Amino acid sequence: MYQTHLHLGPPFRAEHIGSLKRPNELLQKRVQLDQGKITREELEQVEDRYIEEIVKFQRAIGIKAVTDGEFRRHMFYDGFFDHLDGMKLIQPGKLVVTNFPESMFMPWVPDILAFKEHDFKNAATYLCVDKLKRTRPFYREQFLGLAKFVPPEEVKNIKLTCCPPHWFHLRHGPFAYPKDVYANDEEYFADIAKAYKEELDDLYAHGCRNIQFDDPMITYFCAESMLEGMTKDGFNHEAILDLYIKTYNDALKGKPDDLTVGIHLCRGNFKDGRHFAEGGYDRIAIKLFNELNVDTYYLEYDTARAGTFEPLKYLPRNKSLVLGLISTKIKDLEDIAHLEERVRAAAEIIANGEQTRSVEEALNQLCISPQCGFASHSEGNNVTDEDVKRKLILLVDAAKKIWPSST
């Protein structure tokens, strides 16, 4: 088992997952950049202006793990594979790489149907065409571009969200890489883990202390439809999940103790908040909590799609967990009393779990957040800027009510 002390602060009692609703002007400027009407420097000036504003708002209401709202991205997973040597961008309808047929998308992956239904920028994908190497920073500029808007003593708290290392592998299966480049999945993921380890070392050297991997792919292993499809097509889903966990662990091997690394699991948050998968954490809970070497978990729990709190009985005493109880998909505000009831219900399950502890100790391991971001895709969910602000204020107020001495 991963040996670490309990990491808190970060995560803080009131967390959000990362993305916030992009301002319309910013979206328009990004279109103008794609059309060649403005320069990247002109876009960055607009990004800076809005990031500075949203950072001020987060700090003012009591959010400590502030983010840039992912205002510099189109999709939540931007940043890693688009900067990794050996990957090639494939635009929709332009499968120009030889030996990659139209059937290269695995039909049993829950998000594939939605991506095929929409022929716009986010339907693009990346394929490995050569050995994978990190020859330039992936997220350094985004981190520094956020850090400049907080006081130096708060830089350690700001949160950087990152793409999961297996994002395009699950989607493309046997087409993820050419067999004359990598003989097997183990070789492919060894280079990805190496690249991520180099990136995390670089981020740490520049002051980053709070990383969150956004990984709906791990949650897809809770979906019976995907597991049945994988089995039918001859894929060992247990072995693939084990390999994904190993890749994380290899990338995180030897990480500094004061670097908090968490993983966020949800069931999809596509355009207008569309979800892709359903199923509780029961199937993956033991491996998730006891084999994956992260410090904290950000888990979707806003609807029955995520199942019950029962799998939380496997949470060890040295890890923290952020309950995603507030929905970013609807405008209605949750009831704080009900949120507190749910947090205490989760604490009871944890306290009486595989490693018994007091309810007070279990409660101390918990924090709360929305179930996902407000704009995993640049167009975002069906909420307004004011809705987002109201939800975040509610989040902070609920955390103060549940943990009055430590928010």
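The values are calculated or read from the model by the stated rules, or taken from the named source; none is laboratory data. No experiment lies behind these values; they were computed from the predicted model shown. Ideal geometry is used to build each Cβ from the backbone, glycine not excepted, and the neighbour counts take in all protein chains shown. Note: accessible area is taken over every heavy atom of the protein model, side chains too, but ligands, DNA and RNA are not part of it. Shrake-Rupley method; radii C 1.70, N 1.55, O 1.52, S 1.80 Å.
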Any residue in segment 17-33 that is in contact with a Pro (Cβ under 9 Å, 6 or more places away or on another chain) and either modelled with pLDDT under 95 or not in a helix (DSSP H, G or I) (or both)? yes
So, in segment 7-45, how many residues would count as being buried (at least 18 other Cβ atoms within 10 Å of the Cβ) and among the charged types (D, E, K, R)? 6
Out of segment 293-305, which residues are free of Cβ contacts under 8 Å to residues at least 60 places away in the same chain and open to solvent by less than 40 Å² (accessible area, probe 1.4 Å)? TYR297, LEU299
Tell me, yes or no, whether segment 306-321 has at least one residue that is closer than 28 Å to LYS389 by Cβ, crowded, with 22+ Cβ neighbours inside 10 Å, modelled with pLDDT under 95 and not basic (Lys, Arg). yes
Within segment 388-401, is there a residue that is touching a strand residue (DSSP E or B) at 6+ places or on another chain (Cβ under 7 Å), among the charged types (D, E, K, R) and closer than 24 Å to ASP68 by Cβ? yes
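Of all residues in segment 355-376, how many are surrounded by fewer than 20 Cβ atoms within 10 Å (Cβ to Cβ) and either touching a residue at least 12 places away in the same chain (Cβ under 8 Å) or farther than 29 Å from TYR314 by Cβ (or both)? Full working, then the answer.
In the first step, residues of segment 355-376 are kept if they are surrounded by fewer than 20 Cβ atoms within 10 Å (Cβ to Cβ); the result is 355-361, 363-364.
In the following step, the residues that additionally are either touching a residue at least 12 places away in the same chain (Cβ under 8 Å) or farther than 29 Å from TYR314 by Cβ (or both) were identified as 355, 357, 359, 361, 363-364.
Residues that pass the stated criteria total 6.
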Kindly check whether there is at least one residue in segment 52-66 that is outside any loop (DSSP other than H, G, I, E, B) and over 23 Å from LYS331 (Cα atoms). yes
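Every residue, every condition in (1) buried (at least 23 other Cβ atoms within 10 Å of the Cβ); (2) under 28 Å from PRO137 (Cβ atoms); (3) touching a Gly at 6+ places or on another chain (Cβ under 9 Å); (4) free of Cβ contacts under 8 Å to residues at least 12 places away in the same chain, yes or no:
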position: ASP191; (1), (2), (3), (4): no, yes, yes, no
position: ILE211; (1), (2), (3), (4): yes, yes, yes, no
position: ASP233; (1), (2), (3), (4): no, no, yes, no
position: ILE240; (1), (2), (3), (4): no, no, no, no
position: LYS246; (1), (2), (3), (4): no, yes, no, no
position: ASP258; (1), (2), (3), (4): no, yes, no, no
Would you please list the contacts, defined by Cβ atoms under 8 Å and residues six or more apart or on different chains, that run from a residue in segment 327-340 that is farther than 20 Å from PHE374 by Cβ to a residue that is open to solvent by less than 40 Å² (accessible area, probe 1.4 Å)? GLU340/ALA398; GLU340/ILE402
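Could you please let me know if GLU228 is more than 17 Å from the chain's Cα centre (by Cα), closer than 24 Å to ASN290 by Cα and open to solvent by 10 Å² or more (accessible area, probe 1.4 Å)? Can you show your working first?
Values: more than 17 Å from the chain's Cα centre (by Cα): yes; closer than 24 Å to ASN290 by Cα: no; open to solvent by 10 Å² or more (accessible area, probe 1.4 Å): yes.
When the stated conditions are applied, GLU228 does not pass them.
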In segment 377-406, residues that are under 17 Å from PHE57 (Cα atoms) and open to solvent by 40 Å² or more (accessible area, probe 1.4 Å) total 7
